[in-house]
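Working notes, beginning with the structure itself.
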Ligand code: NAD
């Protein structure tokens, strides 16, 4: 015991210690326990699930569903059914969102108990290559371990010159709290978080402006897949400023005064800021310019684990760090920072720790932006295929020729497929349209199974579904499409 009676010190031992209880961490802990290991799971928050379940994927999807219903009800007037203007009870919407996360928190707590995992609530930090010290509410718990899995995640990137303490300057966690619906909301960063939150706040009544540094929104995705989303939100939002940088944000009594970089072009005729004003006042600003790994916040150096300048921890295919009995998974090991990547890595780490021959060898990690329309892609993008000089065939099936898409009143969607010219094998695919995120899994499976365009085209897709569009895109490659007329 510590000499200080106020500090309650306890000591535990773990065969496998897992630091961080997000999707990656709890998956690693559960798999290790299922493989017979005695597991200690350390989580700083009172509930499990990490960013994804508490302040990320899940609450955002609950709010995005609300946004979708508001939009659909509004657009349904054209189909002959009017509901009138929606009456919003923000407290109830917030409570609904929280109840979704809470249900999953309870489920995870049950799974921890059922697996007899020791859960320590507190902030853990390595003090040696075999020990983690956890600051808990009641004192310090020291956990020694045989093997450890670092699953400590990431945090939103802050721009230091912005007034980050001002409550009107938000990160994604603040935006998801739904404290208020600002009249004028600026979103800095036209990536996935920025555009998902824009979808939510637009439906709830805010006037949205988006400012993006690059020349398109969601810069990692092919432009043709992003265009239908861009066209739709361009009409809905007040402004979308591309190739524009925010140079400063100043707190003012009336709002946040945002200044934009709109340097003059050489001929002085146009500005780089693509129409952005010199400055404008907003009621709130959401900064969504990426996330930073938490590698520098966990005492990794005391365990001898290498952390790079940005806070990432390098791992091999078995998720091992440079210290062979310490593994790392999820956001902390690199991009893309996606829950489904973390869970797969978590399983690999747990299996290797339990002595199984496992490795992370997935061919692709799919991406989905749950905007309206949804945008999703997997495998090679067309931009990457071009950069790598790969010979490919491409087809893009327009959802305007899909009976199912038209029946839901939407025709802007697109299903695109890239196949290797020589073999016909699928290289990549992407979709944009309502529910596109639900469709990409088939393309991922096709890639993993080494399917070619003929395999996909000959697979009977149920009619009328949006899933047919993937089969049709493959038929466009093989030349057997009948739902379109393509001149020979
Ligand atoms: P992101 O990298 O997806 O997008 C950030 C955007 O901000 C980019 O388009 C970038 O060009 C732009 N940007 C950067 N600096 C800027 C500046 N100073 N001014 C204007 N624009 C600037 O990052 P995010 O949207 O913050 O998301 C963070 C992570 O979380 C990503 O890895 C993302 O994949 C993940 N995430 C995924 C989902 C999902 O899968 N649906 C949802 C939310 C978050």
Residue among 421, 487 that alone is over 20 Å from residue 218 (Cβ atoms) and at pLDDT below 95: 487
Residues that are within 16 Å of the ligand (Cβ to nearest atom), over 12 Å from residue 43 (Cα atoms) and part of a loop (DSSP other than H, G, I, E, B), drawn from segment 130-157: 157
Any hit, segment 326-341, residues being free of Cβ contacts under 8 Å to residues at least 12 places away in the same chain and over 19 Å from residue 22 (Cβ atoms): no
Selection count where residues are surrounded by 20 or more Cβ atoms within 10 Å (Cβ to Cβ) and either under 17 Å from the mean Cα position of the chain (by Cα) or within 17 Å of residue 256 (Cβ to Cβ) (or both), scope segment 192-217: 16
Lone unmet requirement of (1) within 17 Å of residue 147 (Cα to Cα); (2) free of Cβ contacts under 8 Å to residues at least 60 places away in the same chain for residue 309: (1)
Hey, residue 330 within 16 Å of the ligand (Cβ to nearest atom) and under 20 Å from residue 49 (Cα atoms) or not: yes
Any hit, segment 278-295, residues being under 28 Å from the mean Cα position of the chain (by Cα), loosely packed, with under 13 Cβ neighbours inside 10 Å and either within 16 Å of the ligand (Cβ to nearest atom) or at pLDDT 95 or above (or both): no
Qualifying residues in segment 348-378 (those that are surrounded by 21 or more Cβ atoms within 10 Å (Cβ to Cβ) and more than 16 Å from the ligand (Cβ to nearest atom)) - the one nearest to residue 147 (Cα to Cα): 353
Every residue from segment 312-325 that is in contact (Cβ under 8 Å) with a residue 40 or more places away in the chain and within 18 Å of residue 130 (Cα to Cα): 313, 319, 321, 323, 325
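Here's the yes/no breakdown for (1) buried (at least 24 other Cβ atoms within 10 Å of the Cβ); (2) in the same structural domain as residue 221 (by TED's automatic domain parsing); (3) more than 30 Å from the chain's Cα centre (by Cα):
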| position | (1), (2), (3) |
| --- | --- |
| 406 | no, no, no |
| 410 | no, no, no |
| 434 | no, no, no |
| 456 | yes, no, no |
| 463 | no, no, yes |
| 474 | yes, no, no |
| 487 | no, no, yes |
Residue list for segment 319-336, filter: within 13 Å of the chain's Cα centre (by Cα) and buried (at least 21 other Cβ atoms within 10 Å of the Cβ): 330, 331
Hey, residue 220 farther than 16 Å from residue 286 by Cβ, surrounded by 14 or more Cβ atoms within 10 Å (Cβ to Cβ) and under 23 Å from the mean Cα position of the chain (by Cα) or not: yes
Any hit, segment 166-177, residues being assigned to a strand (DSSP E or B) and within 16 Å of the ligand (Cβ to nearest atom): yes
Residue list for segment 30-63, filter: under 23 Å from residue 294 (Cα atoms), touching a residue at least 60 places away in the same chain (Cβ under 8 Å) and within 13 Å of the ligand (Cβ to nearest atom): 50, 51, 52, 55, 56, 57, 59, 60
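The values are calculated or read from the model by the stated rules, or taken from the named source; none is laboratory data. As the structure is a computational prediction, the values presented were derived from the model and not from experiment. Because the Cβ atoms are built from the backbone with ideal geometry, glycine has one as well, and the counts that use them run over all protein chains shown.
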